[in-house]
Amino acid sequence: MVRIVVVIPALNPLNTLIDYVKNILKFDIERVVIINDGSDEKYQVVFDELRKLDGCIILAHEENKGKGRSLKTGFYYVLKYLKHVNFIITVGAHGQHKLDDVQRILQNAAIFSDGIILGVRNFHTKDVPLASSIGNRTASMLFKLLFHKRLLDTQTGLRCIPKQQLYWLMKVAGESFSYDTNMLVEAIKRDIPIYEIPIGDIKLKKNSIMFYDEIINTRKLFQQMFITYSKNRKHNK
């Protein structure tokens, strides 16, 4: 039997997260582990309601530490307390990932059990600004140039990870969004397969607040790739 835990890093989540988690708990999963990454006090009511859900575990940082650190907090909890689990699926807290997309990754977990699965978003829709579409394509090409592997969506937060990979993932550098990139680079160095599963279109709302936004500033993403590349070169010398 395949046992799966969903890990959600959350900063100032909306009330919609409550129903979203209720629906995820209807899937064939063991637990949902949510990390409150130093959210403002007014959002505590959301976490209080989530804590009441059977199968939902709330962990908390007293202050904001970033997406990377939040994921590591969730991974540590799984390794220490949920030893029977086979896979971890990371999911966004602000509706970035449709329930159908999460279920698609769940269905493929056992099929691609030897590596990391990425939920690859469709950037080629009318809802995605041209700049974001071009930025994604450029990021993919730059990643291939620097790390010799072509990936269509290096910043997706919807990922499935075998539990045995968590031991080295806990040691990967990066406390914020840089962790997403560093995770993939380290997996490539370790010859761990990376599988890409197409998921739904991206839906962007104007003037919406999106923490841990996976369509980040392109310039910062490119800078992070070069920083990671430089550190790897120094380490290998």
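Computed values, structure above
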| quantity | calculated |
| --- | --- |
| Listed residue pairs exceeding 23 Å between alpha carbons, taken from 42/163; 163/231; 98/189; 67/220; 80/231; 22/220 | 42/163; 163/231; 98/189; 80/231; 22/220 |
| Gyration tensor verdict on segment 139-202 (Cα atoms; rounded if a/c is under 1.5, prolate if a/b is larger than b/c, oblate otherwise) | rounded |
| Dipole moment magnitude, nearest 20 debye, segment 1-90 about Cα centre, only Lys, Arg, Asp, Glu C-beta charged | 380 |
| In segment 3-90, the GluC sites (Glu not before Pro) that fall in loop regions by DSSP, at most 16 other Cβ within 10 Å | 62, 63 |
| Solvent-accessible area of residue 2 with every protein chain in place, 1.4 Å probe, in Å² to the nearest 10 | 60 |
| Largest-first ordering by accessible area, 1.4 Å probe, given options 177, 87 | 177, 87 |
| Accessible area per residue in Å² at 1.4 Å probe, computed on segment 33-85 | 51 |
| Ranked order, 229, 20 - accessible area, probe 1.4 Å, largest first | 229, 20 |
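The values are calculated or read from the model by the stated rules, or taken from the named source; none is laboratory data. Just so it is clear, the model here is predicted, and its values are computed rather than measured. Here Cβ is always computed from backbone atoms with ideal geometry, including for glycine, and neighbour counts include all displayed protein chains. For the accessible areas, the whole protein counts, side chains as well, though only heavy atoms, and no ligand, DNA or RNA atoms are used. Shrake-Rupley method; radii C 1.70, N 1.55, O 1.52, S 1.80 Å.
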